[in-house]
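To start, the structure itself, in structure tokens.
The values are calculated or read from the model by the stated rules, or taken from the named source; none is laboratory data. These numbers come from a predicted model, not from an experiment. Heads up, the Cβs are rebuilt from the backbone with ideal geometry, glycines too, and the neighbour counts pull from every protein chain shown.
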Amino acid sequence: MRFRRQFTAAACAAFGFAASLTAVPPVAAQQIPMPPAPKRTTPVGLPQDAGPHDYAAIEWWYFNSFLTTESGKRYAVVGSFFRTGVSGKKGHYLIYALADLGANTKTAYSVIDRANRDLLLGYLPLIASMRPDDPRPMQLLAQLQKNRLPKPHRLYPQAARVTPKPFSIAFGKNTLRQVGADARTWKATLQGDDFAVDLTLSQPDRPAMLVGGTGKTGLGRPDDMFYVSLTRMRSEGTLTRGGKTEKVTGDGWLDRQWGTSWVVQDNGWDWFGLQLSDGSDLIVYRLRDNKTRKILRAEATLLGQDGRQTVDRSATFKSSGAWTDPVSKIAYPQTWTVTLPKTGHALTITPAFPAQTIPVLGIGDAIWEGVVNVAGTVKDGTSITGRGYMELVGYRAAKAAPAARASRSR
């Protein structure tokens, strides 16, 4: 799922989560050593790419899952573990959320580890010097110097624990780990103030999706970024809420992404990971240049029930309606029409409920990351439905109009 920038090393190392950032001027990136992006000479996929890649300026392990409890309640959980940094220094960042699909409510968290705090302490003065009119980098620096973070973000007081092989990452009780040498089964645990999720996600049969056909998604060079997904994973485990623990079952998804850069300057993206009723799975996304409004890439990867993969680079997107987050004041598009000329899909995508933002730490304030429902048709006109996750990144709150200058009476 998801993201980077040509200034990636500076910005992502500094803020931990590429989605939360506005652009850092190129001079900032020039002052921070950039690791070379080696040309890939071996196949992309799992298990070979389950663990961390030290050369990567940013990488993450993302999962989501739809869950039904023994008593019939419906939930959805999402978590993304980030590893960022250059020159061998790495920090870690975690965002996660639980959505109650019966009550239409969501609880979300944003956590950085001590190692990422240390990176921020080093990089924020540089970023502030590049953005002299923006007080927020220095405001964040002042809080970090007191070992604090602005609410609702949280500081994990230790460095996240990472094991390369078999891969695991842990922020205390929040963990994700590879189970088995083939990396087809994963174990995830997340704990919030009022819930705890313990899941096993497995996909032994369906091949991994290599997004874009090869798993190489860099804009400057294909080898700048890589993207592999395990879709429609069987999910089993427990959910504890309100002091009650229930068994849960459902369908999940795992995204694995890493590299040195993806997009340039001030960008955003609209991403959809969808499970369709005919048994196929779809990743469709577009990358936007927020300054010029140019679409840098619009692409869909369809993984059929039979395991065959189709790529459509002529995908079109149209949005309508908007919901404004009362906290960040960001207006997010709500209804999307996505058309895939090559595969013949015409899909309408709508949120299960509007209020599904996740706070992110950085110069940005939030992303919209939540559950959506799908309805539409395929090439022969047959109706199709589905569900999945939508991620909207790079949207900004509208700037307040300058106050009118009072005229002086004579």
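Quick notes on this structure:
- Asp251 falls short on exactly one of the conditions (1) out of contact with any Gly (no Cβ under 9 Å at 6 or more places or on another chain); (2) of a type in the set (D, E, K, R); (3) without any contact (Cβ under 8 Å) to a residue 40 or more places away in the chain, and that condition is (3).
- Residues of the stretch 239-268 that turn out to be at pLDDT below 95 and under 20 Å from Asp223 (Cα atoms), as a count: 8
- Lone qualifier among Leu239, Leu230 - being buried (at least 24 other Cβ atoms within 10 Å of the Cβ) and either at negative phi or within 20 Å of the chain's Cα centre (by Cα) (or both): Leu230
- The stretch 352-373, residues that are touching a strand residue (DSSP E or B) at 6+ places or on another chain (Cβ under 6 Å), over 17 Å from Leu282 (Cα atoms) and surrounded by fewer than 21 Cβ atoms within 10 Å (Cβ to Cβ): Ala352, Pro354
- Members of the stretch 311-337 that are of a type outside the set (A, V, I, L, M, F, W, C), out of contact with any Gly (no Cβ under 7 Å at 6 or more places or on another chain) and surrounded by fewer than 17 Cβ atoms within 10 Å (Cβ to Cβ): Arg313, Ser314, Thr316, Lys318, Ser319, Ser320, Gly321, Thr324, Pro326, Lys329, Thr337
- Residues of the stretch 151-175 satisfying the condition of being crowded, with 19+ Cβ neighbours inside 10 Å and over 14 Å from Thr189 (Cα atoms): His153, Tyr156, Ala160, Phe167
- Within the stretch 280-298, residues that are under 16 Å from Ile349 (Cα atoms) sit with their Cβ atoms under 6 Å from residues that are assigned to a strand (DSSP E or B) and of a type in the set (Asp, Glu), at 6+ positions apart or across chains, in these pairs: Arg286/Asp270.
Results for (1) surrounded by 16 or more Cβ atoms within 10 Å (Cβ to Cβ); (2) in contact with a His (Cβ under 9 Å, 6 or more places away or on another chain); (3) assigned to a helix (DSSP H, G or I), shown as yes or no for each residue.
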{"position": "Gly51", "(1), (2), (3)": "yes, no, no"}
{"position": "Glu59", "(1), (2), (3)": "yes, yes, no"}
{"position": "Val78", "(1), (2), (3)": "yes, no, no"}
{"position": "Gly102", "(1), (2), (3)": "no, no, no"}
{"position": "Asp133", "(1), (2), (3)": "no, no, no"}
{"position": "Leu141", "(1), (2), (3)": "yes, no, yes"}
{"position": "Leu144", "(1), (2), (3)": "yes, no, yes"}
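- Flag for Tyr93 being modelled with pLDDT of 95 or more and under 24 Å from the mean Cα position of the chain (by Cα): yes
- When Gly259 is tested against (1) at positive phi; (2) more than 18 Å from the chain's Cα centre (by Cα); (3) not aromatic (Phe, Trp, Tyr), only condition (2) is not met.
- The residues listed here are Ala19, Ala37, Ala11; of these, the one that is in contact with a helix residue (DSSP H, G or I) (Cβ under 6 Å, 6 or more places away or on another chain), closer than 20 Å to Asp224 by Cα and either surrounded by fewer than 22 Cβ atoms within 10 Å (Cβ to Cβ) or at pLDDT below 95 (or both) is Ala37.
- Of all the listed residues (Thr69, Thr107, Thr84), the sole one being within 19 Å of the chain's Cα centre (by Cα) and closer than 30 Å to Gly180 by Cα is Thr84.
- All positions within the stretch 279-300 that are surrounded by 15 or more Cβ atoms within 10 Å (Cβ to Cβ) and in a loop (DSSP other than H, G, I, E, B): Ser280, Asn290
- Any strands (runs of 3 or more DSSP E) falling wholly within the stretch 303-373 and containing at least 2 residues that are within 21 Å of the chain's Cα centre (by Cα): 316-324, 331-340, 345-351, 357-359
- Inter-residue pairs, beta-carbon under 6 Å, first closer than 25 Å to Phe195 by Cβ and of a type in the set (Lys, Arg) and in the stretch 101-130, second assigned to a strand (DSSP E or B) and modelled with pLDDT of 95 or more, 6+ apart: Lys106/Ala97; Lys106/Ala99
Yes/no matrix, rows are residues, columns are (1) of a type in the set (A, V, I, L, M, F, W, C); (2) at pLDDT below 90; (3) touching a Cys at 6+ places or on another chain (Cβ under 6 Å); (4) part of a helix (DSSP H, G or I):
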residue	(1), (2), (3), (4)
Ala97	yes, no, no, no
Tyr123	no, yes, no, yes
Leu126	yes, yes, no, yes
Pro137	no, yes, no, yes
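For every residue, the table says whether it meets (1) outside any loop (DSSP other than H, G, I, E, B); (2) more than 24 Å from Tyr55 (Cα to Cα).
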site: Leu155; (1), (2): yes, yes
site: Lys165; (1), (2): no, no
site: Ala170; (1), (2): yes, no
site: Leu190; (1), (2): yes, yes
